[in-house]
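The values are calculated or read from the model by the stated rules, or taken from the named source; none is laboratory data. Please read all numbers here as calculations on a predicted model, not as lab measurements. Ideal geometry is used to build each Cβ from the backbone, glycine not excepted, and the neighbour counts take in all protein chains shown. For the accessible areas, the whole protein counts, side chains as well, though only heavy atoms, and no ligand, DNA or RNA atoms are used. Shrake-Rupley method; radii C 1.70, N 1.55, O 1.52, S 1.80 Å.
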Amino acid sequence: MHFYIHSQPPSLQTIIPRSITLPHLRICAQLQLPPVVTYSDDVLYNWDFKESSADPCRIPTTENIKAMTLFTGTKDEEEFYLSSARVELRGVEALELMRLTMDEAFVGDAIALRRITTYLHDMADVIRGMSSQLVRVREGCDPSVFYNEIRPWFKGADSGSGKWVFEGLDEDPTLVEPEELSGPSAGQSSVIHALDIFFGVDQYSHSLTLSGSSKEESTANATYSPPNKKSFLSRMQIYMPRYHRAFLRHLSANPRPLRALVAAHATDAPELLEAYNAAVTALKEFRDAHMRIVAVYIIGPSRKVANGIQEKQEGKKRFTEADTDEREVLKGTGGTDLVKFLKGVRDRTASAVIPQASDAR
């Protein structure tokens, strides 16, 4: 559907014909997913092995996979998808460490706490490895190619491309007009959500005040949110495969949450607290790395485009820092106020570090 929509003249209203609407929305209803390109489409289900093999037990690694379906057919687009796929592959190690930690938390004795401490240090190493894989995108994906040739294909209706009209909905009473039409976003990565939930960081990074809206939030009403309002990251779970959503719900229902365990033993097991904070800090540093990628691949190119337009209109006059706030809010493909949202999530993650007993005095 994105191929069809973004192949139309941008000046025309986006109308999806019934020949696309009906089969596409019926399939999406069965999959319980919005009718747009998602992170799982581009990354999780968009790979194959580089070389064929008769080995039925072969597993994907960060070096033996390739992307299958591309909008542009460029190596830059393939590398963009593969960088995220490599992050997901490293994240598999984190999932196993979560399982081991939860098993030990059930025991909860001194030996179990020492084992959890080891697992948390291992978790910090894994997350740092995920950061390293993330920044590898710069090895094969040119920022200008990404921004000008690849990224436009990702845009959903929530990205400001105008309302999408689905023809033929009246022919099938089981179908409803789609409301969730954001494009693919790193915020749809199930493994990052799992880390947030496992560490108890989601109460910070998934705060309702981080809705991703470009409108200023009222500080006076920061503790209030309308009944149907969701944070951006919570809303992005709608775009995940349903079994991933089920896993996140299961993880959220853990009767022995890690953060509570660490806080309860902050005094008698300071090494556990240190290991937990190291892992949370690694997650914050992962979001730092993501912000640097966004700066290189979206913010920088967008300013070049804006400056080029400004030069044509005003005879080589360039934007100053003071002009920056005057410009249109830069949105992510998920429809967020990009810079404001990413900084908010990063800062909230940093605030999830539990202070040492001596620091709390």
### Query
In the stretch 237-259, which residues are assigned to a helix (DSSP H, G or I), open to solvent by less than 80 Å² (accessible area, probe 1.4 Å), closer than 23 Å to Ala279 by Cα and not polar (S, T, N, Q)?
His244, Leu248, Leu251, Leu258, Arg259
### Query
Does any residue in the stretch 266-288 that is in a helix (DSSP H, G or I) and among the basic types (Lys, Arg) come within less than 6 Å, Cβ to Cβ, of a residue that is modelled with pLDDT under 95 and open to solvent by 20 Å² or more (accessible area, probe 1.4 Å) six or more places away or on a different chain, and which pairs are these?
Lys284/Ala350; Arg287/Arg346
### Message
Testing Leu100 on (1) at pLDDT below 95; (2) closer than 30 Å to Asn277 by Cα; (3) not charged (D, E, K, R), one condition comes back false. Which one is that?
### Response
(1)
### Message
Which residue is surrounded by the most Cβ atoms within 10 Å (Cβ to Cβ), if the candidates are limited to the stretch 132-165 and must be more than 17 Å from the chain's Cα centre (by Cα), among the aromatic types (Phe, Trp, Tyr) and in a helix (DSSP H, G or I)?
### Response
Phe146
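Results for (1) in contact with a strand residue (DSSP E or B) (Cβ under 6 Å, 6 or more places away or on another chain); (2) touching a residue at least 12 places away in the same chain (Cβ under 8 Å), shown as yes or no for each residue.
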| residue | (1), (2) |
| --- | --- |
| Tyr4 | no, yes |
| Pro9 | no, no |
| Thr14 | yes, yes |
| His24 | no, yes |
| Ala29 | no, yes |
| Val37 | no, yes |
